[in-house]
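The values are calculated or read from the model by the stated rules, or taken from the named source; none is laboratory data. As the structure is a prediction and not an experimental result, all values here were calculated from the model. Reconstructed Cβ throughout: ideal geometry from the backbone, glycine too, with neighbour counts over all protein chains shown.
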């Protein structure tokens, strides 16, 4: 300290010169501080850019995963849906057996009632009046009159109903007949309960 005092003796320096020196010291400190701030800011920007790159990479990974899942779902649906449908009028049993997870004739009847192709109030599966012609027709087989269902139009009607009710993916990923029966029965029971709640004007 003594050496510095001797070396930098300011006792003889005039006040204005001291002010100038003091200003230079402040300028140097300020410059040093600004350089440190710039370094921090540069580092922050670099970190932000790296974070953005990682975020973009993560978003791309999520998109790829979503696309892959959609492709898998599409494959499941294509496998689950009938591969070679005759696209003609046929029985409920024929319609149900066209799926990978087979649906029994009685359960197909419940399904048609749920989605609005058949009358919920009838014990047998009878089409709603406005569905006769396009979706169903009466045929005589071995002297017995029975309703026949147009597989193509009924499948399109079913798929549209499933999509509107956000059940499309769930329906086409049901793994076996037991779960399919449970799924359709639940929908049928819920619709039947709602039907009973409606006022009877008769």
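Here residue 117 meets the list (1) touching a strand residue (DSSP E or B) at 6+ places or on another chain (Cβ under 7 Å); (2) in contact (Cβ under 8 Å) with a residue 40 or more places away in the chain; (3) surrounded by fewer than 13 Cβ atoms within 10 Å (Cβ to Cβ) almost entirely, failing just condition (3).
Select from segment 141-161 the residues that are without any contact (Cβ under 8 Å) to a residue 12 or more places away in the chain and either in contact with a helix residue (DSSP H, G or I) (Cβ under 9 Å, 6 or more places away or on another chain) or within 20 Å of residue 101 (Cα to Cα) (or both) and list them in ascending order.
Scanning segment 141-161 gives 156, 159, 160.
Taking (1) touching a helix residue (DSSP H, G or I) at 6+ places or on another chain (Cβ under 6 Å); (2) surrounded by fewer than 16 Cβ atoms within 10 Å (Cβ to Cβ); (3) in contact (Cβ under 8 Å) with a residue 40 or more places away in the chain in turn, residue 134 satisfies each apart from (3). Given the condition touching a helix residue (DSSP H, G or I) at 6+ places or on another chain (Cβ under 9 Å), over 27 Å from residue 136 (Cβ atoms), assigned to a helix (DSSP H, G or I) and at pLDDT below 70, answer yes or no: does some residue in segment 54-75 qualify? Within segment 54-75, one or more residues are touching a helix residue (DSSP H, G or I) at 6+ places or on another chain (Cβ under 9 Å), over 27 Å from residue 136 (Cβ atoms), assigned to a helix (DSSP H, G or I) and at pLDDT below 70. With the condition kept exactly as written, say whether any residue in segment 102-113 is closer than 24 Å to residue 189 by Cα and out of contact with any helix residue (DSSP H, G or I) (no Cβ under 9 Å at 6 or more places or on another chain). No, every residue in segment 102-113 fails to be closer than 24 Å to residue 189 by Cα and out of contact with any helix residue (DSSP H, G or I) (no Cβ under 9 Å at 6 or more places or on another chain). Taking every residue in segment 93-104 that is more than 11 Å from residue 177 (Cα to Cα) and pairing it with any residue that is modelled with pLDDT under 90 and in a loop (DSSP other than H, G, I, E, B), at least 6 positions away or on another chain, the pairs with Cβ-Cβ distances below 6 Å are 98/82; 98/85.
Evaluate the following for residue 152: is it loosely packed, with under 12 Cβ neighbours inside 10 Å, assigned to a helix (DSSP H, G or I) and within 32 Å of the chain's Cα centre (by Cα)?
no
Listed conditions (1) touching a strand residue (DSSP E or B) at 6+ places or on another chain (Cβ under 9 Å); (2) outside any strand (DSSP E or B) are all met by residue 145, apart from (2). Within segment 155-178, the set of residues being in a helix (DSSP H, G or I), over 23 Å from residue 91 (Cβ atoms) and at pLDDT 95 or above comprises 164 only.
With exposed (fewer than 14 other Cβ atoms within 10 Å of the Cβ) and either in a helix (DSSP H, G or I) or within 26 Å of the chain's Cα centre (by Cα) (or both) as the only criterion, which of 189, 94 stands out?
Result: 189 is the single residue among 189, 94 that is exposed (fewer than 14 other Cβ atoms within 10 Å of the Cβ) and either in a helix (DSSP H, G or I) or within 26 Å of the chain's Cα centre (by Cα) (or both).
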